[in-house]
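Q: There's a structure below that I have some questions on.
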Amino acid sequence: MVSFESDYNNGAHPSVLKHLVETNDEQSSSYGSDRFSENARRLIREATQCPDADIFFLVGGTQTNSTVISALLRPYEGVISVPSGHIAVHEAGAIEITGHKVLEIPGRKGKIVPKNLEAEILKMEQDPNACHMVIPGMVYITFPTEYGTLYTAKELEAIYSICREHNLLLYIDGARLGYGLSAAVNDVSLPFLASHCDCFYIGGTKVGALCGEAVVFPRGNAPEHFFTMTKQRGALLAKSRLVGAQFEALFTDNLYFEISKHAIAMATTMKGIFIKAGIQLWNDSPTNQIFVVLDRQMIERLKSRGILFEIWEPVDDTHKLCRFVTSWATRFEDIFLLEKGLV
């Protein structure tokens, strides 16, 4: 059996696990003040070229999104997202339960289109009943998107410019940030991304860690008492070293990006196999998520041969959109098994 269901169905990358084991007997401070977290912050500040950044280590993606969004928005404000955005679909109402509405606007292949964003904001602002409605206070995007697509530097710059013009915050969900930054067609660097948003997070759970995400306020612009709000939301670990040490390992010797490059290479090989087999690609994802259209017969054939993947959504009565995901743990042998299963 081989699973392409997600990029977090293995444990930690061996180097991350090795670092945890090697430092296990050392006593440390807690709640983010341990030396591992402090050094990880230093490494991330260097990588982002943000010497004044406020950095917090949280336990997971949903807790991160919920904590950041609720901390940055006023009680009457909502957050703009495309319908496929993680906060709009796969977080069980975690944003709404904090009292903030997710304001969905149409997207394209998982992305916010700048000109459409501007039009939707103006429509909300100019509505004669605006004072009775939820006011947008933030724009939320993911990099890469839930469909494996990427924003270009030009698109990101345009979205951030629109946000500043309308006094909105831009928050970037980087659960799979490494895979986006490492894609061959990507023209966004980590420092560029950091300078074109108000807050973002660097995903660890899906990029080689056992768990944990690094929230970055690039200009030292964390809201007052963010630490306290993190604890209140259940996103803070007493044993903060667990996440801090993992990010210390991930941002040493370029490991975070080496992991991501490996996953991209595996996904690129996988994409070629699908094309060779005549399988329709739903989009040309340059990241570690590959979306293909499979009929019922092919779905059953692959499952019977122990190849696991995620059925994303129906395409028509006989075909479904399916997602195949690679990670640090994906091997050429796994790709070969998939190739055999297709014929």
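Q: Within region 28-55, count every residue that is under 12 Å from L242 (Cα atoms) and either touching a Gly at 6+ places or on another chain (Cβ under 6 Å) or not hydroxyl-bearing (S, T, Y) (or both).
A: 6
Q: Look through region 284-299, keep the residues that are touching a strand residue (DSSP E or B) at 6+ places or on another chain (Cβ under 9 Å) and closer than 17 Å to M266 by Cα, and return whichever of them is surrounded by the most Cβ atoms within 10 Å (Cβ to Cβ).
A: Checked region 284-299; the qualifying residue surrounded by the most Cβ atoms within 10 Å (Cβ to Cβ) is N288.
Q: Of these, V68, V102, V89, which one is of a type in the set (V, I, T), touching a helix residue (DSSP H, G or I) at 6+ places or on another chain (Cβ under 7 Å) and touching a residue at least 12 places away in the same chain (Cβ under 8 Å)?
A: V102
Q: Can you tell me which residue among E146, E125, E91 is among the charged types (D, E, K, R), assigned to a loop (DSSP other than H, G, I, E, B) and either on the phi > 0 side of the Ramachandran plot or in contact with a His (Cβ under 9 Å, 6 or more places away or on another chain) (or both)?
A: E146
Q: Of A183, A265, which residue is aliphatic (A, V, I, L, M) and in a loop (DSSP other than H, G, I, E, B)?
A: One residue alone meets the criteria, A183.
Q: Give me a count of the residues in region 131-148 that are under 13 Å from G78 (Cα atoms) and either hydrophobic (A, V, I, L, M, F, W, C) or touching a residue at least 60 places away in the same chain (Cβ under 8 Å) (or both).
A: 7
Q: Could you please give the count of residues in region 333-343 that are exposed (fewer than 12 other Cβ atoms within 10 Å of the Cβ) and either modelled with pLDDT of 95 or more or assigned to a strand (DSSP E or B) (or both)?
A: Qualifying residue count for the region: 1.
Q: Next question, about the same structure. Mind checking which residues of region 1-26 are exposed (fewer than 11 other Cβ atoms within 10 Å of the Cβ), closer than 19 Å to T252 by Cα and among the hydrophobic types (A, V, I, L, M, F, W, C)?
A: V21
For every residue, the table says whether it meets (1) in the same structural domain as M124 (by TED's automatic domain parsing); (2) surrounded by 15 or more Cβ atoms within 10 Å (Cβ to Cβ); (3) closer than 30 Å to Y31 by Cβ.
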residue: L150; (1), (2), (3): yes, yes, no
residue: A158; (1), (2), (3): yes, yes, no
residue: I202; (1), (2), (3): yes, yes, yes
residue: A214; (1), (2), (3): yes, yes, yes
residue: A222; (1), (2), (3): yes, yes, yes
residue: K239; (1), (2), (3): yes, no, yes
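Q: Here's another thing I want to ask about it. For region 257-279, what are the residues that are touching a Phe, Trp or Tyr at 6+ places or on another chain (Cβ under 7 Å) and either free of Cβ contacts under 8 Å to residues at least 60 places away in the same chain or not aliphatic (A, V, I, L, M) (or both)?
A: Within region 257-279, S260, H262 meet the criteria.
Q: Here are E258, E248: which of them is part of a helix (DSSP H, G or I) and buried (at least 20 other Cβ atoms within 10 Å of the Cβ)?
A: Sole residue among the options that is part of a helix (DSSP H, G or I) and buried (at least 20 other Cβ atoms within 10 Å of the Cβ): E248.
Q: Looking at K320, is it surrounded by fewer than 19 Cβ atoms within 10 Å (Cβ to Cβ), free of Cβ contacts under 8 Å to residues at least 60 places away in the same chain and part of a helix (DSSP H, G or I)?
A: No.
Q: Looking at region 300-317, which of its residues are surrounded by 13 or more Cβ atoms within 10 Å (Cβ to Cβ), more than 26 Å from the chain's Cα centre (by Cα) and part of a loop (DSSP other than H, G, I, E, B)?
A: Answer for region 300-317, where residues must be surrounded by 13 or more Cβ atoms within 10 Å (Cβ to Cβ), more than 26 Å from the chain's Cα centre (by Cα) and part of a loop (DSSP other than H, G, I, E, B): just R305.
Q: Could I ask something else about it? Pairs only if they're at least six apart or on different chains, beta carbon under 6 angstrom, first in region 160-180 and farther than 27 Å from Y256 by Cα, second among the polar types (S, T, N, Q) and at pLDDT 95 or above; list them, first residue then second.
A: Going by the 6 Å Cβ cut-off, there are no qualifying pairs.
Q: So, one more: Of all residues in region 148-176, which are of a type in the set (A, V, I, L, M, F, W, C) and within 20 Å of the chain's Cα centre (by Cα)?
A: L150, A153, L156, I159, L169, L170, I172, A175, listed by residue number.
Q: Among residues belonging to region 224-245 that are assigned to a loop (DSSP other than H, G, I, E, B) and under 22 Å from the mean Cα position of the chain (by Cα), point out the one that is nearest to G61 (Cα to Cα).
A: A235
Q: Select, from T326, T330, the only residue that is touching a residue at least 24 places away in the same chain (Cβ under 8 Å), farther than 23 Å from G110 by Cα, hydroxyl-bearing (S, T, Y) and not assigned by TED's automatic domain parsing to the domain that holds T48.
A: Every option except T330 fails the conditions.
The values are calculated or read from the model by the stated rules, or taken from the named source; none is laboratory data. All values reported here derive from a predicted model rather than from experimental measurement. Note: ideal-geometry Cβ built from the backbone for every residue, glycine included; neighbour counts use all protein chains shown.
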